[in-house]
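The values are calculated or read from the model by the stated rules, or taken from the named source; none is laboratory data. Just so we're clear, the structure is a prediction, and the values are computed from it rather than from any experiment. Here the Cβ positions follow ideal geometry from the backbone for every residue, glycine too, while neighbour counts run over all protein chains shown.
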Amino acid sequence: MQESTTSPGPAAAGVVAAIAALATAEVVARLLATGASPVLAVGQEVIDRVPPAVEDAAITVFGTADKLVLLVGILLVSLGIGAALGLAAARRFGVAVGGFVAFAVVGTAAVAARPGGAPFVAAVAVAVGAAVGLGLLRRLVVPPPEPARPVGPSPGAGAGPGPRPASPTDAAQTDRRGFLRLAVTVAGVAGAAGLAGRGAARWLGRGTDPADVVLSPVASPLPAPASATSLEVDGLSPLFTPNHEFYRIDTALAVPRIELETWRLGVTGMVDRPFELSFDDLLALPQVESDITLACVSNGVGGDLVGNARWQGVRLSDLLERAGVQAGADQIVGRSVDGWTGGFPTEVALDGREPLVAVAMNGEPLPRDHGFPARLVVPGLFGYVSATKWLSEIELTTMDDFDGYWVPRGWSKLGPVNTQSRIDVPRFGARTPAGRQPIAGVAWAPTRGISAVEVSIDDGPWGEARLSQPLDEDTWRQWVFDWDAQPGRHEIRARATDGTGATQVADEVAPRPDGATGYHTIAVTVTS
Ligand SMILES: Nc1nc2c(c(=O)[nH]1)N[C@H]1C(S)=C(S)[C@@H](COP(=O)(O)O)O[C@H]1N2
Ligand SMILES: [Mo]
């Protein structure tokens, strides 16, 4: 058998060096500052730049796992480039130096491009990472210099004491074993450092813990949620969606961890008296409660990107009054600490619905996932134009002058929530025994309210469902329909009518750009 005398592939060496460089840069970045992670910043840039068609495809294929897939993708691409640089380094080490420096520049540039990014820390982190990676690569692919030959007459080979000269085969084996040991060590150290980095960041207390926030009392609280008459059907969505079950949609690869001491909310732009509030200032303003159903424009018919919560916070109209909105300022833009923006017409804030700068959700401080410490919630508008989480600024501008994050990405500038109904019970594809049983679900048309829900079996006549008491016009209502199920396969359809008397649109239309329409339809099998 022919033993190769080259040490472990230079490609593998490049991969190991790339892992070491990435891990080192990440750990240094996370230890030193928030918003300095080069990998997260690159991922965020990818998210912000992908063409809408690619993004649609990614969401279709990967669903909410798309962020994880993206991170794994970035890692694999980096390791691939590492392999290429390893191969190049075996011939000309300078190429690898150039490659690692390019990596460092890209990582730093991505961090610099992020609002709230810490590019100087990132630069230090990637420099250390690149140095570690290159040092390792050099050891792995560049053979150590030959020991200097003694000058002058030498004793014949093997004559004197001393180690037997190593055969090429031995050398290769030692190299390979050494390489394996090194690879395992690098992987182990990278893993341990990563965990330590996360732990340390937590221990350093990055970001206020929402659990430490003490909310201010509400002047006129709503009746306790428990007293709301809700329908009790197994499998039916509760009237209030618990926080931990509430859908989460945002572009944030890492959820912002905000320190309350330094957080400020600015009201700026076309206003007479711009001002800034600390979190305590916000809590000192009159607190109101409001039940509002929040829906995502990406929700397909029958989908679960919708939830209902009791929000507590400050009326947006109070803040606008204090700032003095100038004539012509017809758009309100919410800006997030992470740079995300959503904008909606100013008239929406003043037409009687009551948008909130919310600080609490279902009686608890906003969870980090849902915008801690403050977010906008606007009844009747899809989240993408209105519900800015991790809110840092409310800016008055014009509709012409500014487009929120999703508008140039192919979604409508205005995002009123479509009237929708969803069947929760029975589940799609269920097998149920024949006999009387409930068909139940929820229906929503925020700001218009729901006046009726009807159910049709196998394209038969529409029959009226029974509705839960409305909390208000801005929330969904539960509905239940008594069904005498006959054996066989059946199609069940539901449709809602809003408070203005308009029945929901039957045409089946995909979410982009205005939100999905169509009647939720499920098929079930009834056994005899
Ligand atoms: N900062 C920020 N706020 C955001 C988003 C985002 O990506 N970033 N997504 C919006 C969208 S598209 C929706 S549907 C709602 C979802 O709010 P939730 O995650 O609390 O359910 O938040 C909105 N607010
Ligand atoms: Mo959304």
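At-a-glance table
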quantity	calculated
Sole exception among (1) touching an Asp or Glu at 6+ places or on another chain (Cβ under 8 Å); (2) surrounded by fewer than 20 Cβ atoms within 10 Å (Cβ to Cβ); (3) of a type outside the set (Val, Ile, Thr) for Gly94, by number	(1)
Subset of the range 372-395 (residues that are free of Cβ contacts under 8 Å to residues at least 60 places away in the same chain and within 6 Å of ligand 1 (Cβ to nearest atom))	Thr388
Index of the failed condition, Gln312 passing every other in (1) more than 10 Å from ligand 1 (Cβ to nearest atom); (2) outside any loop (DSSP other than H, G, I, E, B); (3) under 30 Å from Val425 (Cβ atoms)	(3)
Counted residues, the range 494-526 - those being farther than 30 Å from Val54 by Cβ, part of a strand (DSSP E or B) and in contact with a Ser or Thr (Cβ under 7 Å, 6 or more places away or on another chain)	8
Residue that is polar (S, T, N, Q), in contact (Cβ under 8 Å) with a residue 60 or more places away in the chain and not in a helix (DSSP H, G or I), where the choices are Thr24, Thr34, Thr108	Thr34
Qualifying residue in the range 241-263 (condition: away from ligand 1 (no atom under 14 Å from the Cβ) and buried (at least 20 other Cβ atoms within 10 Å of the Cβ))	no
Those residues of the range 344-386 which are within 27 Å of Asp280 (Cβ to Cβ) and of a type in the set (Ser, Thr, Tyr), in sequence order	Ser386
Only listed residue being within 16 Å of ligand 2 (Cβ to nearest atom) and either at pLDDT below 95 or of a type in the set (Gly, Ala, Ser) (or both), chosen from Thr229, Thr251	Thr251
Candidate set from the range 461-493 (those that are over 32 Å from the mean Cα position of the chain (by Cα) and among the basic types (Lys, Arg)); member that is surrounded by the fewest Cβ atoms within 10 Å (Cβ to Cβ)	Arg489
For Asn418: the one exception among (1) in a loop (DSSP other than H, G, I, E, B); (2) at pLDDT 95 or above; (3) away from ligand 2 (no atom under 16 Å from the Cβ)	(3)
Qualifying residue in the range 265-276 (condition: over 30 Å from Gly43 (Cβ atoms), away from ligand 1 (no atom under 12 Å from the Cβ) and assigned to a helix (DSSP H, G or I))	no
Test: Val297 is closer than 30 Å to Thr64 by Cβ and β-branched (Val, Ile, Thr)	yes
Residue match in the range 440-450 (condition: of a type in the set (Phe, Trp, Tyr), under 30 Å from the mean Cα position of the chain (by Cα) and more than 16 Å from ligand 2 (Cβ to nearest atom))	no
Qualifying positions in the range 443-493 - in contact with a Pro (Cβ under 9 Å, 6 or more places away or on another chain), in a loop (DSSP other than H, G, I, E, B) and among the small types (Gly, Ala, Ser)	Gly449
Strands (runs of 3 or more DSSP E) wholly inside the range 324-368 that include at least 2 residues being not aliphatic (A, V, I, L, M)	331-336, 341-345
Hey, Asp351 surrounded by fewer than 24 Cβ atoms within 10 Å (Cβ to Cβ), modelled with pLDDT under 95, of a type in the set (Asp, Glu) and over 20 Å from the mean Cα position of the chain (by Cα) or not	yes
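Listed here are the residues, each with its yes/no results for (1) away from ligand 2 (no atom under 16 Å from the Cβ); (2) under 26 Å from Ala224 (Cα atoms); (3) crowded, with 22+ Cβ neighbours inside 10 Å.
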site: Ile292; (1), (2), (3): no, yes, yes
site: Asn299; (1), (2), (3): no, no, yes
site: Arg315; (1), (2), (3): yes, yes, no
site: Ala329; (1), (2), (3): yes, no, no
site: Pro355; (1), (2), (3): yes, yes, yes
site: Pro373; (1), (2), (3): yes, yes, yes
site: Val377; (1), (2), (3): no, yes, yes
site: Ala387; (1), (2), (3): no, yes, yes
